[in-house]
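Colleague: My structure is below; once you've seen it, I'll send some questions.
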Amino acid sequence: MTQPEMKLAIRGLTKHYGSAMALDHVDLDLADGEFLTMLGPSGSGKSTLLWSVAGLNDSDAGKIWIDGREATSMPASARDIGMVFQNYALFPHMTVAENLSFPLEMRKVPALERALAIQRALEMVKLDHVGDRFCNQLSGGQQQRIALARAFVAGPSIVLMDEPLGALDKKLRDHLQLEIKRLHEQLNMTVLYVTHDQEEAMVMSDRICLMNQGRIEQIGTPEELYFRPKSLFAADFLGESNLIAGKVKSENGKWMTIDLPGIGVVKTLPSALLRSGPDIVHFTRPESIEILTDEQRKDNAFRGLVDEVVVSGAITKLFVRFGEAAKLQLSMLTSRSPRVRKGDAVRVGWDVDVGRLLAGRALEAA
Ligand SMILES: Nc1ncnc2c1ncn2[C@@H]1O[C@H](COP(=O)(O)OP(=O)(O)OP(=O)(O)O)[C@@H](O)[C@H]1O
Ligand SMILES: [Mg+2]
């Protein structure tokens with residue numbers, strides 16, 4: 001089997017540490033120029049996967065191809081990969097230029113070409129004035145930009161980044177997210193990125209690969225993962241959601257009706273999940289539910305009481321209660337003249353295409 005058209009192809013990659021399974025038969029393809037982010041909770045196998053691609057650990061089973069060449073047992077130095085870690089990993093006793101020169105020397109690039117590549121890389125990260133400084137004379141953000149420059153200076157096939165912004169404060173992280181995105185576009189780099197921050201993954205990626213206990217839970221565009229999660233784990237890991245346990249009431253091929261205790265009977269699109277058992281959870285995103293006027297028509301509409309209004313900057317969250325226990329969360333852009341206040345009776349609703357049915361038990365009362 002070869003995967004020549006893919007920048008990176010992984011089949012059946014498996015890795016144990018003792019009895020713990022860090023990677024469990026992972027298959028993954030990365031297209032040329034793609035930005036793919038491994039997202040998932042701590043211990044889900046993100047770093048293990050990255051290290052396997054880099055050739056820094058031995059897997060137990062499975063194969064890896066880079067640029068169509070099988071790389072499974074290639075030494076790290078032969079893999080044509082650039083890497084950035086959370087903690088810079090620059091050589092502190094070398095100048096910035098010497099740090100950038102290192103991967104070029106490893107590839108036996110002649111001196112004149114090296115100097116040009118270093119200058120270009122420094123310009124790309126907007127630090128062309130610091131080449132002669134030692135790395136410990138730079139700020140954290142500058143050091144991380146140099147680490148980025150070092151990862152791509154030799155024009156590697158794939159750049160691997162393991163939580164490269166994890167040690168930086170939020171403002172700098174936001175700024176560097178956009179910077180990495182710009183570099184990715186300008187240099188047409190292929191990037192395999194790791195983060196456990198779902199917002200970062202959404203902002204940066206062409207596709208997100210959500211990991212759960214060494215397995216791929218779901219892979220797709222940020223929009224697919226966010227609006228069409230395939231499991232409770234995916235729905236719960238990304239963003240906020242209304243996850244309400246219900247029972248199937250009827251099905252007519254065109255839609256299904258689900259009884260959500262306390263709220264009422266909800267219409268949804270039919271789901272193959274029906275076959276998977278009686279435990280069904282209805283999923284909506286808070287921003288998919290609207291406050292309706294009395295005349296407004298939606299596939300699903302219910303009356304409730306506003307329990308709480310929370311203004312968190314640009315977004316306002318509303319919690320609407322139905323009877324004793326049932327609650328839905330709504331979110332909307334914060335307005336200077338809010339339409340609803342705590343205690344108001346409201347009508348809320350959504351169309352069938354924004355709700356989804358998921359198999360399993362709701363993790364907690366939503
Ligand atoms: N060197 C090691 N020795 C033993 N177990 C390890 C080692 N490295 C990782 N593991 C285990 O393998 C599993 C996957 O770890 P990995 O570092 O890939 O997770 P991760 O998704 O990168 O987590 P984090 O977000 O915390 O960085 C975990 O259960 C972890 O404890
Ligand atoms: Mg990790």
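Colleague: Just to be sure I understand the curve: with the Debye formula and one point per C-alpha of the chain, what is log10 I(q)/I(0) at q = 0.07, 0.09, 0.11, 0.13 Å⁻¹?
Modeller: -0.41, -0.64, -0.85, -1.04
Colleague: Hey, another quick one. If I fit a long axis through the Cα atoms of helix 96-106 and take the longest principal axis of the Cα atoms of the chain, what angle between them do I get, 0 to 90°, rounded to 10?
Modeller: Around 80 degrees separate the two axes.
Colleague: Given ILE315, ALA167, VAL203, which one lies farthest toward the positive end of the charge dipole of the chain, if we put +1 on the Cβ of every Lys and Arg and -1 on the Cβ of every Asp and Glu?
Modeller: About the Cα centre, the residue reaching furthest to the positive side is ILE315.
Colleague: Something else about it: So for ASP294, ASP351, ASP24, fewest C-beta neighbours within 10 Å to most, what's the order? Don't skip to the answer; put the middle values down first.
Modeller: Working: ASP294 6, ASP351 13, ASP24 17.
Ordered by Cβ neighbours within 10 Å, fewest first: ASP294, ASP351, ASP24.
Colleague: Moving on. Filter LYS126/LYS181; LYS63/LYS108; LYS247/LYS267; LYS7/LYS63; LYS126/LYS171; LYS230/LYS317 down to the pairs with a C-alpha to C-alpha distance above 20 Å, please. Can you show the working numbers first?
Modeller: On the way: LYS126/LYS181 14 Å; LYS63/LYS108 28 Å; LYS247/LYS267 12 Å; LYS7/LYS63 14 Å; LYS126/LYS171 18 Å; LYS230/LYS317 25 Å.
Listed pairs above 20 Å: LYS63/LYS108; LYS230/LYS317.
Colleague: Under a 10 Å cutoff between Cα atoms, tell me which one of LEU28, LEU168, LEU116 has the largest fluctuation in the Gaussian network model of the chain.
Modeller: Greatest mean-square fluctuation among the candidates belongs to LEU116.
Colleague: Let me ask you something else. About the Cα centre of the chain, how large is the charge dipole given +1 on each Lys and Arg Cβ and -1 on each Asp and Glu Cβ? Please answer in debye to the nearest 20.
Modeller: Numbers: 43 positive and 47 negative charges, 116 e Å.
Charge dipole, the chain, about its Cα centre: 560 debye, nearest 20.
Colleague: Tell me the angle of helix 111-124 to the major Cα principal axis of the chain, expressed in degrees between 0 and 90 and rounded to the nearest ten.
Modeller: Between helix and principal axis, roughly 30 degrees.
Colleague: How big is the stretch 240-359 in terms of Cα radius of gyration and Dmax, in angstroms?
Modeller: 14.6, 47
Colleague: For HIS16, HIS129, what's the fewest-to-most ordering of other Cβ within 10 Å of each Cβ?
Modeller: Details: HIS16 14, HIS129 9.
The fewest-first ordering by Cβ neighbours comes to HIS129, HIS16.
Colleague: Next up: What ranking of HIS93, HIS184, HIS175, HIS196 emerges when the number of other C-beta atoms within 10 Å of each C-beta is taken as an exposure proxy, fewest first? It would help to have the intermediate numbers written out before the result.
Modeller: Details: HIS93 10, HIS184 21, HIS175 13, HIS196 18.
Final ranking by Cβ density, sparse to dense: HIS93, HIS175, HIS196, HIS184.
Every read-out reported here was derived from the displayed coordinates using simple, explicitly stated rules and does not represent laboratory data. Being a predicted model, the structure only gives us computed values, none of them experimental. Reconstructed Cβ throughout: ideal geometry from the backbone, glycine too, with neighbour counts over all protein chains shown.
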